[in-house]
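Enquirer: Below you will find the structure I want to go over with you.
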Amino acid sequence: MKKVYGVIGDPIGHSMSPVMHNDLFEHNEIDATYLAFHVKKGNLEAAVTGLKALGVSGFNVTVPHKTDIIPLLDDIDPLAKAIGAVNTVVNTNGKLIGFNTDGRGFVRALLNKGLSLTEQKVLVIGAGGAARAIYFSLAEAGVKEIDVCNRTVEKALSLKEACPFSVETKVSSISEAEKTIVDYDLLIQTTSIGMSPQVDDTPIRFKALKTNCFASDIIYNPLETKFLKEAKFIGASIQNGVDMFVNQGALAFEIWTSIFPDTNRMTENVLKQLGGSSC
Ligand code: NAP
């Protein structure tokens, strides 16, 4: 019988996941389909009960349900539990088990660029849901120093305090971080600033960066944010959010099928949907 997978969220109409995963099922000769389900906040419990009753094999979870879904699951991976957010669910013998592949997907994307993570002095800009997944996953991967700056400093502080892995972290405002930005090997922009249509905005200002600095922005629309343009102009290597999106999807596909898919194929597929080329 054909297996059914999907993604739940609100809004969901622009999700690139259905095209990406359906292509992977076809390419790997798996008899399955992946659908987008528009689930409003008040309908989450009914939707999850329904997906379980229908025997859906697995699904992704996106805004605004990543945290609210946790008490509705039968079990949760320790990293997802620590992060407090789930983006991937697998149905194993009728039990729904939650994972978070966002942060580990980001880490994979960095490793694919040849970075030796343990040697990096890292600055994470932002302390929202995505920053939390990235910070915990970098700490899990053994990065020794990850500083965090955010508009709301208390949120950065609570992120640091909740991390189950040992990591040295200084927390600051964005304006304080600007003064020492030249010290960092790796800058990770995780705020929503610079996202289309506000493409002329950037969260942090700098005139110089460390030699060989690597700047990563998790936004993929536009493919090159103002933050990335400014970092590139000064000489940094850059990476946009397509790689994170593809790798979180690849890890979800692996959880569902035990097959790690062709990420180059996935990147081409996503870029086609976005109408551009990656950096
Ligand atoms: P979130 O939880 O709402 O966090 C938003 C972050 O942006 C917070 O740090 C927030 O600071 C900051 N921020 C928002 N408006 C700001 C402003 N005007 N000035 C200063 N800081 C501001 O969102 P999220 O889920 O982490 O997502 C953040 C971005 O990542 C989005 O653009 C999303 O599309 C992208 N994303 C990409 C991927 C991928 O696969 N590539 C995956 C997940 C998310 P405060 O704490 O002070 O409010």
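The values are calculated or read from the model by the stated rules, or taken from the named source; none is laboratory data. Here the structure is a predicted model, which is why all the values come from computation and not from measurement. So basically every Cβ, Gly included, is an ideal-geometry build from the backbone, and we count neighbours across all protein chains shown. Ligands, DNA and RNA are excluded from the accessible area calculation, which covers all protein heavy atoms including side chains. Shrake-Rupley method; radii C 1.70, N 1.55, O 1.52, S 1.80 Å.
Enquirer: Quick one: Cα centre-to-centre distance for the stretch 189-218 and the stretch 23-78, in angstrom?
Expert: If we compute the Cα centre of each part, the gap is 32 Å.
Enquirer: Go through 177-190, 34-47 and give me the packing order, highest mean Cβ count within 10 Å leading.
Expert: Sorting 177-190, 34-47 by mean packing, highest first, produces 177-190, 34-47.
Enquirer: Report, ordered by chain and residue number, the aspartates and glutamates lying within cross-link reach of Lys121, taken as a straight Cα distance under 14 Å and ignoring same-chain residues fewer than 8 apart.
Expert: Glu145, Asp147, Glu168, Asp183, Asp185
Enquirer: Measuring with a 1.4 Å probe in the full set of protein chains, what accessible area per residue, in whole Å², belongs to the chain?
Expert: 46 Å²
Enquirer: Give the span of the chain's Cα atoms along each principal axis, as three whole-Å numbers ordered largest to smallest.
Expert: So the three principal-axis extents are 58, 38, 33 Å.
Enquirer: For the chain, with all protein chains present and a 1.4 Å probe, just round the carbon and sulfur fraction of the accessible area to a whole percent.
Expert: Reported share for carbon and sulfur atoms: 51 percent.
Enquirer: Sticking with this one: So how many Lys-Lys pairs in the stretch 34-113 land under 27 Å Cα to Cα, not counting same-chain pairs under 8 apart?
Expert: Count of close lysine pairs: 14.
Enquirer: Something else about it: In vacuum, with every alpha carbon of the stretch 209-279 counted as one equal point scatterer, what does the Debye formula give for log10 I(q)/I(0) at q = 0.18, 0.25 Å⁻¹? Two decimals, please.
Expert: Evaluating at q = 0.18, 0.25 Å⁻¹ gives log10 I(q)/I(0) of -0.71, -1.03.
Enquirer: Among Gly126, Gly105, Gly55, determine the one that fluctuates most according to a GNM of the chain built with springs between C-alpha atoms less than 10 Å apart.
Expert: Top of the fluctuation ranking is Gly55.
Enquirer: Okay, next question. When only C-alpha pairs under 8 Å and at least 6 residues apart count, what is the relative contact order of the chain, in percent?
Expert: Normalised by residue count, the contact order of the chain is 15 percent.
Enquirer: Across every pair of different alpha-carbon atoms, what Kirkwood hydrodynamic radius in Å does the stretch 191-234 reach?
Expert: Hydrodynamic radius (Kirkwood, Cα pairs) of the stretch 191-234 is 10.7 Å.
Enquirer: As a test, work out the antiparallel percent of DSSP beta bridges whose residues both lie in the chain, rounded to the nearest 5.
Expert: Once the DSSP bridges in the chain are tallied, antiparallel ones form about 20 percent.
Enquirer: So, one more: If packing is taken as the average number of other Cβ atoms within 10 Å across a peptide's residues, how do 71-78, 11-18 rank, most packed first?
Expert: Order by mean packing, descending: 11-18, 71-78.
Enquirer: Still on this structure, I have one more. Quickly estimate the mean residue ellipticity at 222 nm for the chain, helices only: each DSSP H run with n ≥ 4 gives -39500 (n - 2.57), and the total goes over all residues, rounded to 500.
Expert: -11000 deg cm²/dmol
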